[in-house]
Structures are given as structure tokens and as C-alpha cells.
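Participant: Can you keep this structure in mind? I'll have questions shortly.
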Amino acid sequence: MKETTAETLPRNWITARLGEVLEFNYGRGLPSASRIRGPFAVYGSNGVVGEHSSALTPGSTIIVGRKGSAGEVHFCKFPCWPIDTTYFISDFRGCDPLYLFYLLGTLRLKKLDTSTAVPGLNRDRAYECLMPLAPLAEQRRIVAKIEELFSDLDAGVAALERVKANLKRYRAAVLKAAVEGKLTAEWRKKNPATETGEQLLTRILAERRKKWEEGQLKKFAEKGKVPPSGWKGKYLEPESPEVAGLAELPAGWLFARLDVIAEINPANDPLSVAPDTRVHFVPMRDVAEDFGGVDTSRMRPLVEVRRGYTQFRSGDIISAKITPCMENGKLAIVPGLKSPVGYGSTEFHVIRPPTVSLGRWIARILSQESVRRNARGSFKGTAGQLRVPTSWLAALPIPTPPAGELAIVLLEIERRLSVADAVAAQVDRSLKRAARLRQSILKRAFEGKLVAQNPADEPASVLLERIKAQRAAVPERPA
């Protein structure tokens, strides 16, 4: 919120330093193992983190993040226990508690963080912030108006969130119907397959073997060797997928392992380009969640690309291998690149399909929440560093329709989901407008423009003098 001054405030208002009005008390540590289940909420910097049988504060409490989510502001109407990563305010010095809560949320306390490691809020710096102080009677009118407006706004936001949840369920239902062959059931009745999924797989396997043989011959040629007798017999036929418990597929479809119908994490392509050539770079943050696309606008000189970066081509699928990024659906098909290849986070899996259609199909299958859920049982690593192993991805059974039907099912998916995507985009715009409206309401409130002033109200200057007298009479708690 823009800083207010005495000249811009209504007549009975004043500008005060935060430290003149409020005291930030340190929360007290309460490890999870020491908590006894009870009626009182335990607060950390991010909000409620548990419950306990006793409370640290006597009544309504404002909680301010001190470490971690520094500057976050929460309000509890009842006694509670703020832990040692927080500050708390339980003595409101005669001011309206909710007036102070809403006001603190506009002061951008997060920007006061100067730490270099864990974000932290220094209360002495916070005390220097200027705050608009309204007469007590007007504080109560402001809170009543904010609550009224926010109640209507919250109802609208809740309705929008329900629409988002319904859209998510709709998308899941469309993809489930697609991979089970239900979207194209009527189409199959009118269009007998000219190539079954098994025949499609046979073609893919033939191409796979041909590529392996070409690669082996290249290696022999590079070493100046003649291929030995029987060298082709060293080719390993791919394993069959594990299909126990999977849904029955329509006639002509079959399950194929992902590593059979696509390359998984292919070796980097050698590049004969100058080191100062600019190539695409995609960090994890540039891949949207829930299959929302990828930003490939960032370019770097090739010399800046470190060994081990993930390399990909146009049309490849990049999928986050770490949690929670994988669970949040950070997955995308790489669009057309200006340079021969692109580079990205070392935490991507790369899937290289043999055709555009198969790539779109595989990406849709991987984008399903059910697939991401299935991956959780195979995560490797330690807490905070869990990864989806290549072995799990490679063995993933992919329901594969005949080539002709694949084109139709992709069209059906896009037709249905394009409508859902348009609605979702409108919902997101509405949610952003709601957030802006919320800030506008608070801005007007603390500029003295939300409710009418009453000249008969006790001036805020008298309230501040009373607060100062109270503080002088009661010594500050030790830091």
C-alpha cells in the first residue's frame, strides 16, 4: 500500500510508527513431539501447524511470520500458541484487533527481510514502518465494511474455486475415457481398423531395431573395425509391460512399455557449433503446472551450458523428475526451437517419441493425476530430494491404439479440453480480478475512503496518547 501522510489522511486520523502502537512478542517453541491434542491452534509463520491442550495467548491474536515465511500475517479469534518462528500480538492497546490485522497485511513486511539464508523479519525494522491510525469508532466501522465486502468476495472466489475443481475432474474424466478407448467407441463401429495397435507396435519395434543396428555399425566404423559374425544377435528385445490389474482395452489396442514406443533420456547430441552460439535454456520455473505449456524464450551462449544439463529437441516431452514438481504436473511438449537443441534443468526426464501423434498421446497419459499418483510408490531418494526413477518411467504401460484411431482420439481430447481450458482461463482472470479488488478495498480503507467520517469521533491523536500512557505505565517485556 502506498505510504500515507498526515496531509493525505482524513482530519481525525494520524500517522504513527508501528512501534508506537504495537508490540511484537516472540513466540515460544513447541516441538511436535511435545504437543498434546487439544482445542488450541498452534501457529507457525505459514499458519496453523497443529494443535495443543493449552494456549500461550489469552485471547484473539495476530501472528506475524518471523522466520521462514517472514512477514506473513494471520489472525486467530481465540487463544492459541504461536511457536518460535513467529511474533504475536495479543495486547491491541485499545485498537480494534481486526483493523490492525488488515492494516499489517498491507504494510508489505516481507520486503523488510535482509537475511541471506532463511528469510527473517527484524521487529525493530518493522517498528519503524508508518501506519495510518483511525479513530477507534471509525476503526470498527471500517472493519464492519471490510468484512461485509470480503464476505461477498469470498463467496464469489469459493464459487470460482468450485468451478476449477469441477474442471479438474472433467479433464480427468476425459483423459480416462480416452485411454480406455471410450471416446472413440462409436467411431470404431463405423471405421474398422486397417492397422491394429499390434501392427503399429511391430513397425515401431522394427524402427527401434534398425536404429540400434545403425548405431552399432557407426561405432564399428569409428573404431575401424569390421562387424563380427553374429553381432546382430546381441540386440536385446524389449520386455513386455506388466498389465495385471489394468483396465481392459478395446479390440485392436494393446499395452506397450513406454521405453518401447519412445526413447527415454536419450544421449546428448554432439553439436558442431561455436561456443558463443545462443541456444534455448529452460529452467524448471518455465514449465507450467498441470500441462500448461513451456516458455522457451530464454537463450544462453552454448559455453554457459554446463555438463549434465538436460538436452532436448523440438517435439520431445520434458517431465519433472523431482517432487513436488512432478506431482504438480510440470510436464510439456517442447515447441519448435530456433537452435538445433535446447537445454534445461538437470531435473527433467526427456521422452523422445517417434511421431508427433505418439508424443501428444504419451504427454496426455503422463499428465493424468492417476499416473502421477502411481509414481509415488516408486520415488527414490531422501525427503526433499525424492525423484521419479528412469526405471519406473521406462516400464510404464501405455495403452496404444491403431494409428488411424490415435489421430481421432487426439482430436476428441483436444475438442473437449479446449472448452475446459477456455473456461479455466476465464476463471483465472476472475480470480486475479478478485485479488486486485481485495487490495483495492484495503487501500481505500486505510486511506480513510471506505466509510464516512464522523466529526464527533474521538480523534486518533487522543487514542495514541492513551496508548503511550499505557505503555509508560507497564514496562516492555524483555526481548
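Participant: Probe 1.4 Å, all protein chains in place: accessible area of LEU121 in Å², nearest 10?
Facilitator: Around 10 Å² of this residue is reachable by solvent.
Participant: Also, I was wondering about something else. For THR400, what residues show an amide H to amide H distance below 5 Å, using hydrogens built from the backbone and excluding near sequence neighbours?
Facilitator: Distant-sequence amide H within range of THR400: LEU254, PHE255, ALA256.
Participant: Kirkwood Rh, region 270-341, all Cα pairs: how many Å?
Facilitator: Details: mean 1/r = 0.0779 Å⁻¹.
Kirkwood radius, region 270-341: 12.8 Å.
Participant: Mean projection of the alpha-carbon convex hull of the chain over all orientations, in nm²? The partial results should precede the final answer.
Facilitator: On the way: hull surface 128.0 nm².
Result: a mean projected hull area of 32.0 nm².
Participant: How much of VAL174 can a 1.4 Å solvent probe reach, expressed as accessible area in Å² and rounded to 10?
Facilitator: Surface accessible to solvent at VAL174 totals approximately 10 Å².
Participant: Shifting gears a bit: Equivalent-ellipsoid semi-axes (√(5λ), Cα gyration tensor) for region 38-180, whole Å, largest first?
Facilitator: On the way: eigenvalues 222, 93, 62 Å².
Ellipsoid half-lengths, sorted descending, are 33, 22, 18 Å.
Participant: With a ≥ b ≥ c taken as the square roots of the eigenvalues of the C-alpha gyration tensor of region 1-91, please select rounded if a/c is under 1.5 and otherwise prolate if a/b is larger than b/c or oblate if it is not?
Facilitator: prolate
Participant: Just subtract the alpha-carbon distance of SER240 and GLN426 from 0.36 nm times their residue separation and send over the number in nm, one decimal. If you can, show how the numbers build up before the last one.
Facilitator: Numbers: separation 186, 0.36 × 186 = 66.96 nm, distance 4.40 nm.
Result: 62.6 nm gained on full extension.
Participant: Oh, and also: At ALA247 and GLU51, where each label point lies 7 Å from the Cα along Cα→Cβ, what is the point-to-point distance in nanometres?
Facilitator: Placing both labels 7 Å beyond Cα along the Cβ direction yields 3.9 nm.
Participant: Could you check how many percent of all C-alpha pairs in region 264-306 are farther apart than 15 Å? Walk me through the numbers before you get to the answer.
Facilitator: Values: 503 of 903 pairs.
It works out to 56 percent of all Cα pairs.
Participant: Further question: Taking every DSSP beta bridge with both residues inside the chain, roughly what % is antiparallel (nearest 5)? Before the final figure, lay out each step's value.
Facilitator: Details: 42 of 47 bridges.
For the chain, the DSSP antiparallel bridge percentage is about 90.
Participant: Can you divide the C-alpha Rg of region 216-258 by 2.2 N^0.38 Å and report the result to two decimal places? List each step's numbers first, then the result.
Facilitator: Numbers: Rg = 18.3 Å, N = 43, 2.2 N^0.38 = 9.2 Å.
This ratio for region 216-258 stands at 2.00.
Participant: Could you let me know the centre-to-centre spacing of region 133-166 and region 369-417, using Cα atoms, in angstrom?
Facilitator: After rounding, the separation between the Cα centres reads 41 Å.
Participant: How many angstrom lie between the C-alpha centres of region 294-312 and region 1-77?
Facilitator: When both Cα centres are located, 44 Å separates them.
Participant: Another question, if that's okay. Residue by residue through region 388-396, what is 3J(HN,Hα) from phi via Karplus (6.51 cos²θ - 1.76 cosθ + 1.60, θ = phi - 60°)? Round to whole Hz and write x for glycine and proline.
Facilitator: Calculated HN-Hα couplings, in order: 7, x, 4, 4, 5, 4, 4, 8, 4 Hz.
Participant: Within the accessible area of the chain, what % is carbon and sulfur when the probe is 1.4 Å and the other protein chains stay in place?
Facilitator: Details: 13710 of 25500 Å².
Reported share for carbon and sulfur atoms: 54 percent.
Participant: For ALA407 and GLU186, what is the calculated FRET efficiency with R₀ set at 22 Å and r taken between the beta-carbons, to the nearest 0.05? Write out the running numbers ahead of the final one.
Facilitator: On the way: r = 16 Å, r/R0 = 0.71.
Plugging the Cβ-Cβ distance into 1/(1 + (r/R0)^6) gives 0.90.
Participant: Would you kindly state how much longer the chain becomes between LEU153 and THR390 on full extension, computed as 0.36 nm times their sequence separation minus their alpha carbon distance, in nm to one decimal?
Facilitator: On the way: separation 237, 0.36 × 237 = 85.32 nm, distance 4.58 nm.
Stretched out fully, the LEU153 to THR390 stretch lengthens by 80.7 nm.
Participant: Next question. For labels at ALA137 and MET284 in the simple 7 Å Cα→Cβ model, what's the distance in nm?
Facilitator: 5.6
Participant: Using amide H atoms built in the peptide plane, which far-off residues or other-chain residues are under 5 Å from GLU72 H to H?
Facilitator: Excluding prolines and chain starts, which carry no amide H, the hits are GLY65.
Participant: Can you give me the Cα centroid spacing of region 434-469 and region 256-286 in angstrom?
Facilitator: So the two Cα centres are separated by 57 Å.
Participant: Where only protein heavy atoms count, and the probe is 1.4 Å, what is the accessible area per residue for the chain in Å²?
Facilitator: Values: 25500 Å² over 479 residues.
Per-residue value: 53 Å².
Participant: Fully extended, how many nm does the chain gain between ILE36 and ASP124 (0.36 nm per residue separation, minus their Cα-Cα distance)? If you can, show how the numbers build up before the last one.
Facilitator: On the way: separation 88, 0.36 × 88 = 31.68 nm, distance 3.36 nm.
Value of the extension gain: 28.3 nm.
Participant: Hey, can you grab everything whose amide H is under 5 Å from the amide H of ASP316? Only 5+ residues off in sequence or another chain; H modelled, so Pro and N-termini drop out.
Facilitator: VAL334
Participant: Can you give me the distance in nm between label points at THR355 and VAL474, each placed 7 Å from the Cα along the Cα-to-Cβ direction?
Facilitator: 7.7
Participant: For region 9-20, just list the computed ³J(HN,Hα) in residue order, Karplus coefficients 6.51, -1.76 and 1.60, θ = phi - 60°, integers in Hz, with x standing in for Gly and Pro.
Facilitator: With the stated coefficients, region 9-20 comes to 8, x, 4, 8, 8, 9, 9, 10, 7, 4, x, 6 Hz.
Participant: Could you state the angle between the C-alpha long axis of helix 97-106 and the longest principal axis of the C-alpha atoms of the chain, as a value from 0 to 90 degrees rounded to the nearest 10?
Facilitator: Taking the Cα atoms of the chain, the angle to 97-106 is about 50 degrees.
Participant: Any chance you could look up the accessible area of LEU411 with a 1.4 Å probe, heavy atoms only, rounded to 10 Å²?
Facilitator: Around 110 Å² of this residue is reachable by solvent.
The values are calculated or read from the model by the stated rules, or taken from the named source; none is laboratory data. Since this is a predicted model, take the numbers as computed values, not measurements. As a convention, Cβ positions derive from the backbone with ideal geometry for all residues, glycine included, and neighbour counts pool all protein chains shown. These accessible areas exclude ligands, DNA and RNA; they are computed on the full protein's heavy atoms, side chains included. Shrake-Rupley method; radii C 1.70, N 1.55, O 1.52, S 1.80 Å.
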